[in-house]
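Below is one structure, written out as structure tokens; the observations come after it.
The values are calculated or read from the model by the stated rules, or taken from the named source; none is laboratory data. Keep in mind that this is a model prediction, so the values were computed, not measured. All Cβ positions, even for glycine, are placed from backbone atoms using ideal geometry, and neighbour counts span all protein chains on display.
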Amino acid sequence: MKIGILGMQGDIEEHLATMEKIKVEAVRVKSVKTLETVNGLIMPGGESTTMLRLLKLTGLFDLLKEKIKNGFPVYGTCAGLILLADEVEHPTQDSLKILDLSVSRNGYGRQVDSFHAEISVPVIGDKSFDAVFIRAPIITKVGKVEILASYNGMPVFVRQKNVIASTFHPELSNDTRIHEFFVEMVKNAFGS
Ligand code: GLN
């Protein structure tokens, strides 16, 4: 079993380091060829406009969309969530249109660059999770997604079938529980 980290730009090294910590093989994915070798993919935080351009240039955009629709497990964090959303505002941009939700980029405003907060994430256990938000998007509308965690009454971690997505960056916390949760999802999909 091997996890891919979308390796265009952004928090790639941090996700690879977390995978090493939990002893799961992970590789950087920058091409269609490498995407075909992994069992699940993490789409990291960074700059979604840049990632979108590179996804289209490399042909990954169409392949990824098709694979996700066929059950391929994906975890999008921050910019990764923006790329997976059905609708992106502020400013508007294209996306994979996988998650039934709308998202507003830099939703906490320019003056709030980053912050962290203890949030409750029942699917990973009772102990709260120290979530790091960096120029984070805000989920403004949800449809058929399951809300796994909220902050200030707004969803920040969601699931829709084989896809999970968070507006925060778990790779920047010392807590590996969300990565482990995703690895379990991949194992279950792989085993079936
Ligand atoms: N603000 C970034 C964007 O809109 C996302 C920030 C992040 O991934 N930390 O793409």
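Here are the numbers:
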quantity	calculated
Any chance ILE139 is more than 22 Å from ALA17 (Cα to Cα) and either surrounded by 15 or more Cβ atoms within 10 Å (Cβ to Cβ) or within 16 Å of the ligand (Cβ to nearest atom) (or both)	yes
Qualifying residue in segment 108-117 (condition: more than 9 Å from the ligand (Cβ to nearest atom), within 17 Å of the chain's Cα centre (by Cα) and of a type outside the set (D, E, K, R))	no
Candidate set: segment 79-103, residues that are under 19 Å from ALA131 (Cα atoms) and either touching a strand residue (DSSP E or B) at 6+ places or on another chain (Cβ under 7 Å) or free of Cβ contacts under 8 Å to residues at least 24 places away in the same chain (or both); chosen: the one surrounded by the most Cβ atoms within 10 Å (Cβ to Cβ)	LEU81
Residue within segment 97-109 that is aromatic (Phe, Trp, Tyr) and at pLDDT below 95 present	yes
Failed criterion for ASP126 (all others in (1) within 16 Å of the ligand (Cβ to nearest atom); (2) part of a loop (DSSP other than H, G, I, E, B) hold)	(1)
ARG28, sole failed condition from (1) away from the ligand (no atom under 11 Å from the Cβ); (2) not in a strand (DSSP E or B)	(2)
ARG105 within 22 Å of HIS179 (Cβ to Cβ) and among the basic types (Lys, Arg)	no
Single residue of segment 148-172 satisfying the filter (over 15 Å from the mean Cα position of the chain (by Cα) and assigned to a loop (DSSP other than H, G, I, E, B)) that is surrounded by the fewest Cβ atoms within 10 Å (Cβ to Cβ)	GLY153
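Okay, residues lined up against (1) over 16 Å from the mean Cα position of the chain (by Cα); (2) part of a helix (DSSP H, G or I); (3) more than 16 Å from the ligand (Cβ to nearest atom); (4) exposed (fewer than 15 other Cβ atoms within 10 Å of the Cβ):
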site: LYS33; (1), (2), (3), (4): yes, yes, yes, yes
site: ILE42; (1), (2), (3), (4): no, no, no, no
site: GLY46; (1), (2), (3), (4): no, no, no, no
site: LEU52; (1), (2), (3), (4): no, yes, no, no
site: LEU55; (1), (2), (3), (4): no, yes, no, no
site: LYS67; (1), (2), (3), (4): no, yes, yes, no
